[in-house]
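Inspection log for the structure reproduced underneath, given as structure tokens.
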Amino acid sequence: MESARPGGGPPASGPAASGSSSSSFPSLFPPGLHGIYGECRRLYPDQPNPLQVTAILKYWLGGPDPLDYVSMYRNLGNPALNVPEHWHYVSFGLSDLYGDNRVHEFTGTDGPSGFGFELTFRLKRETGESAPPTWPAELMQGLARYVFQSENTFCSGDHVSWHSPLDNSESRIQHMLLTEDPQMQPVQTPFGVVTFLQIVGVCTEELHAAQQWNGQGILELLRTVPVAGGPWLITDMRRGETIFEIDPHLQERVDKGIETDGSNLSGVSAKCAWDDLSRPPEDDEDSRSICIGTQPRRLSGKDTEQIRETLRRGLEINSKPVLPPINAQRQNGLNHDRAPSRKDSLESESSAAIIPHELIRTRQLESVHLKFNQESGALIPLCLRGRLLHGRHFTYKSITGDTAITFVSTGVEGAFATEEHPYAAHGPWLQILLTEEFVEKMLEDLEDLNSSEEFKLPKEYSWPEKKLKVSILPDAVFDNPLH
């Protein structure tokens, strides 16, 4: 990324001259870019040449940064609404700026332009700060890389687990929620519609609440707490308290929401694996490829589509391996697992077995062993309490391969796991049907997983009468292909 510079918007090719107004080059502007700039000018008519961070080598020329530009505006806020002054960042590149297939395939004017959205971010302006920090532009590039590489789009209410202060400081703001930008309106361009999704920085406790309940509910709570975001959801990296520490009554609202609504998180990408204990270890045959039993009962259309969407979107609980690094320092600290992608989940030959079809038969298993890393295992109570007790399902999709584990309740119609045969495999996809009585028993036995304190690994839970074993293992086990 190049350092920030003034720029009212670059022409179609080559860098713009500093200080040039967008109105000076209307014929040279790519139409998609011009449409987004028009919305920015509506909000900031007095800032025709905002500071801008631009990719030195454009993505369509082989550069690493998918966003061509990130513009940075000074927003005076709204004292009447208790909205503080802040910096407003707007990305350019997730939508189709050019319309000539150099980045995005042109699909017409009626649908989404490119991925259909651009990212925004609102950062509280510090006293005496004369220029906007540029780190949010790097953060936006990291999210854009994930979208381009995985082809998974974001939606309002989504969460992103970052596991690191967004500005690389000591801040408690280490994760993100996404919502509609409160000021920017959807834009119709010649290449489709562009909406604006705002990044909202949150603490770990707020992220966990969003996972256990839903992102929209936590966003509404953040809007009610001025220092935690307020009505425009402005991120303050110096915020030292969670909304639950600021107002303990908000935890009661979350608990009631979970009890009433359950969780709308239908799955995560995770470090996980499963073994068929029905076959002796010395069996040389790959038990996962043996087809026995009967043809699967078809999932209902609604459940099939939701599970497909879970595998497609690859919602990530340990996002560092999935969300590409935004600087070399962070990259050096990562293992290099391949990001799960929509194409890999649905179209590749190796993963076709995840989705039920007539060429793969279902195997009924007598006994299974489930393996999770600590972070994935910590979500098992959420899966049981927030999903299965509400008659829903929950899927773990391995980030290192095609393995998937779906927990289903008796309320899920058409699952190929049944009460008579609660463990069933369809290629590398395992379904486990749990009755409400067994779910309650598991929740009691897994109570220590709710603790925020780390425990010694490995840790094992076993229900011999159900022929089910769950192990919580170190991350390194999953990095070894021989696990």
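The values are calculated or read from the model by the stated rules, or taken from the named source; none is laboratory data. On a predicted model such as this, the values are computed, not experimentally measured, just so you know. No Cβ is skipped: glycine too gets one built from the backbone with ideal geometry, and neighbour counts run over all protein chains shown. Surface accessibility is based on the protein's heavy atoms, side chains included, excluding ligands, DNA and RNA. Shrake-Rupley method; radii C 1.70, N 1.55, O 1.52, S 1.80 Å.
Filter the range 213-235 for residues that are under 16 Å from P182 (Cβ atoms), buried (at least 19 other Cβ atoms within 10 Å of the Cβ) and in contact (Cβ under 8 Å) with a residue 60 or more places away in the chain and give the result. Once the filter is applied, which keeps residues that are under 16 Å from P182 (Cβ atoms), buried (at least 19 other Cβ atoms within 10 Å of the Cβ) and in contact (Cβ under 8 Å) with a residue 60 or more places away in the chain, the range 213-235 yields L219, G230, W232, L233, I234, T235.
R74 falls short on exactly one of the conditions (1) closer than 12 Å to G32 by Cα; (2) open to solvent by 50 Å² or more (accessible area, probe 1.4 Å), and that condition is (1). Could you tell me whether the range 92-111 includes any residue that is assigned to a strand (DSSP E or B) and in contact with a Phe, Trp or Tyr (Cβ under 8 Å, 6 or more places away or on another chain)? Yes; the residues of the range 92-111 include at least one that is assigned to a strand (DSSP E or B) and in contact with a Phe, Trp or Tyr (Cβ under 8 Å, 6 or more places away or on another chain). Taken over the range 354-397, the criterion of being out of contact with any helix residue (DSSP H, G or I) (no Cβ under 8 Å at 6 or more places or on another chain) and either at positive phi or modelled with pLDDT under 90 (or both) is satisfied by H357, E358, L359, R361, T362, E375, G391.
Given the condition at pLDDT 95 or above, more than 18 Å from P132 (Cα to Cα) and assigned to a strand (DSSP E or B), answer yes or no: does some residue in the range 75-88 qualify? Yes. For the range 165-176, the condition holds for at least one residue, the condition being that it is touching a Pro at 6+ places or on another chain (Cβ under 9 Å) and free of Cβ contacts under 8 Å to residues at least 60 places away in the same chain.
For the range 130-150, the criterion of being free of Cβ contacts under 8 Å to residues at least 24 places away in the same chain, over 14 Å from the mean Cα position of the chain (by Cα) and in the same structural domain as A209 (by the TED database) is satisfied by at least one residue. Inside the range 94-130, residues that are open to solvent by 20 Å² or more (accessible area, probe 1.4 Å) and under 16 Å from T54 (Cβ atoms) make up a count of 2. Of the residues T195, T153, the single one that is modelled with pLDDT under 95 and in contact with a Phe, Trp or Tyr (Cβ under 6 Å, 6 or more places away or on another chain) is T153. Restricting V160, V147 to residues that are under 23 Å from S376 (Cα atoms) and in a strand (DSSP E or B) narrows the list to V160. Listed by position, the strands (runs of 3 or more DSSP E) inside the range 167-234 whose residues that are touching a strand residue (DSSP E or B) at 6+ places or on another chain (Cβ under 7 Å) and farther than 24 Å from T109 by Cα number at least 2 are 175-180, 192-202.
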